[in-house]
Amino acid sequence: MMRLSLQSRSSMLVGWMLLVCWPAGAARADLAISLADSLPVPAGQVTGLCWAGGDTLALLVSVADGSQPGSDPRVYLRIGDTNRGVYWQHDFSGTLARGLAYDGAFYWSCGDDREGGSLLYKINAETLEVVEAFPTPGHRPVALVFDGRWLWLTDRDQARIHRIEPQNGQLTRSVAAPGFSPAGLAWDGRAFWVTDAGTGRLTRLRGQRLELRDEVSAADWFLRGRDALLAHDGRNLWVLPDGDAFLRRILLR
């Protein structure tokens, strides 16, 4: 089994401890996982990722601007395949910053506004033009996912997971995250998965109000202090720790 830790190379995997209280009545069960094959990602800091059907992978990538010292990084939406081929790239510098989801017709991502808040952007998948923008419930959204009906985002400011109506950007539900610094979020068709940079946990959330929470075994995962983004391709769950050059497939054992 591969291991991943802050002290070792990013291809290594170790266990962690959960430091939050579980809701009353919530089920807890240790899940066993391992990491399988991997996919390379482009150079730069990946701040959002999602599958867009088949082997099409979309990434939000922040790249240092070397044109002059002190320049803000450039932010690109890159759409390609699992062989690292990029066949479409659009510069969203100054607009997008974090999170990426695909609903079959539109991409969704978040950026910061001038008042210190955050905006949720709806982007036409055919033209990559911004169609609409809505204020987000919190100031520090990190990850976005579409579950076939709703958009969900992790809110680091409030340590919550918000459910958003895609038609108007309205908040329709909010639940406490299983930690105090939620980062990655994925939907596997039956349950959500969330990573937390503060506790280092990877947790599966089930139930109508995500009240059933199963944590990955402490022997299999520990990644405190770093964000780990998640994505699901329709069959497999994938993880990309911050700073890693490879997207890795997670297997339940």
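Details
- Net charge contributed by nearby residues that have their C-beta within less than 12 Å of Arg235 (K/R +1, D/E -1): -2
- The length gained on full extension between Ala43 and Asp72, counted as 0.36 nm times the residue separation minus their Cα-Cα distance, comes to 8.8 nm.
- Local electrostatic count at His139 - Lys and Arg +1, Asp and Glu -1, tallied over other residues with Cβ under 10 Å: -3
- Longest exposed-site-free window of the chain, the sites being GluC sites (Glu not before Pro) in a DSSP loop that have at most 10 other C-beta atoms within 10 Å: 130-253
- Take the Cβ atoms of Asp113 and Asn236, set R0 to 30 Å, and the FRET efficiency comes out at 0.30.
- Length-normalised contact order for the chain - Cα pairs under 8 Å, 6+ apart - percent: 22
- Likely footprinting exposure, Leu60, Leu31, fewest C-beta neighbours within 10 Å first: Leu31, Leu60
- Here the scattering of the stretch 33-252 is modelled by Debye summation over its C-alpha atoms, one equal scatterer each and no solvent; at q = 0.12 Å⁻¹ the log10 of I(q)/I(0) is -0.58.
No value in this document is a laboratory result; all are computed from the given coordinates. The shown structure was predicted, so the numbers you read here are calculated from the model rather than taken from an experiment. When we count neighbours, we look across all protein chains shown, and the Cβ atoms used for this are built from the backbone with ideal geometry, even at glycine.
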